[in-house]
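Worksheet for the structure shown next.
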Amino acid sequence: MQTISVQTTQNVSIQYPIASVGDRIVAYLLDLAILIAYAIAVIAAFVNMDLDVVWPWIVFLVMPWFLYHLMFEIFMNGQSPGKRVMNIQVVRVDGTQPGVGNYLLRWVFSLIDFHILSGAIAVIAIATNGRGQRVGDVVAGTCVVKLIAQKEITASEVFISPEDTYVPVFPQVVQLASRDIELIQRALDANTNHGNMQPVLMVTDKIKSLLGVQTDLAPAQFLYTIVKDFNHLNAR
């Protein structure tokens with residue numbers, strides 16, 4: 001299975017597999033279902049109105065359908081609702097976050113990929129291209145990856161003697177006190193032992209605000225990393 005190295009906001013490279021043709025087709029069909037539902041709702045709302053009344057609104061009503069994929073990929077970091085359900089995402093081939101220009105090129109060339117030969121060109125290109133790219137991806141320098149769920153980190157893997165080679169992800173943890181770490185541990189225990197995620201979410205927001213950090217790590221994984229970094233830096 002071919003993979004691509006994706007750079008996270010912490011400058012850590014993670015290998016993700018290229019999304020399969022099947023995943024991309026299902027994501028496309030899910031998005032299409034949303035668009036069809038939108039069209040039905042619009043038609044139902046205006047079906048009994050005079051054309052003279054509806055006509056000035058036509059452009060505004062059509063724009064969401066026309067710009068659906070472009071707008072969602074820009075504002076959802078390379079995902080549409082269908083892509084999010086299928087856990088796939090658009091990235092640049094160098095593993096970095098695409099810009100508006102990349103998304104715009106993908107969208108423009110979707111006219112070739114999906115509206116000529118009923119999408120056969122896109123399917124053939126994805127299946128035969130080494131990086132699973134359709135024509136729009138090749139032009140835009142992007143590809144679509146499968147966001148495999150990361151292995152769950154357990155407390156036993158974190159609360160251990162820090163390795164000499166370990167490099168802290170969040171050096172800002174030096175601002176924390178032992179009582180902060182105890183609070184984190186209690187929140188993690190509540191989630192592990194009682195399935196109560198609320199303390200984890202609340203403590204995550206508190207720690208992020210206190211340290212002034214942003215991360216795409218899941219809340220529990222973020223807290224485990226904070227504890228590991230704290231233990232490592234305070235063991236020196």
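The values are calculated or read from the model by the stated rules, or taken from the named source; none is laboratory data. Remember, predicted model here, so these are calculated numbers, not experimental data. Heads up, the Cβs are rebuilt from the backbone with ideal geometry, glycines too, and the neighbour counts pull from every protein chain shown.
Put simply, of Pro162, Pro171 the only residue that is more than 21 Å from the chain's Cα centre (by Cα), at pLDDT 80 or above and not assigned by TED's automatic domain parsing to the domain that holds Asn87 is Pro171. Residues in the range 98-106 include none that are modelled with pLDDT under 85 and out of contact with any Asp or Glu (no Cβ under 6 Å at 6 or more places or on another chain). Determine if the range 58-80 includes at least one residue that is among the small types (Gly, Ala, Ser), within 27 Å of Thr128 (Cα to Cα) and assigned by TED's automatic domain parsing to the domain that holds Gly99. Within the range 58-80, one or more residues are among the small types (Gly, Ala, Ser), within 27 Å of Thr128 (Cα to Cα) and assigned by TED's automatic domain parsing to the domain that holds Gly99. Where helices (runs of 4 or more DSSP H) fall entirely within the range 57-145, those with at least 3 residues that are among the aromatic types (Phe, Trp, Tyr) and buried (at least 17 other Cβ atoms within 10 Å of the Cβ) are at 100-115.
The residue of the range 81-98 that is farthest from Thr3 (Cα to Cα), among those that are of a type in the set (A, V, I, L, M, F, W, C) and under 13 Å from the mean Cα position of the chain (by Cα), is Val85.
Close contacts from the range 90-107, counting a first residue that is over 19 Å from Tyr16 (Cβ atoms) and a second that is not hydrophobic (A, V, I, L, M, F, W, C), with Cβ to Cβ under 7 Å and a gap of 6+ residues or different chains, come to Leu105/Gly136; Trp107/His69.
Kindly establish whether Asn87 is at pLDDT 95 or above and in contact with a strand residue (DSSP E or B) (Cβ under 7 Å, 6 or more places away or on another chain).
no
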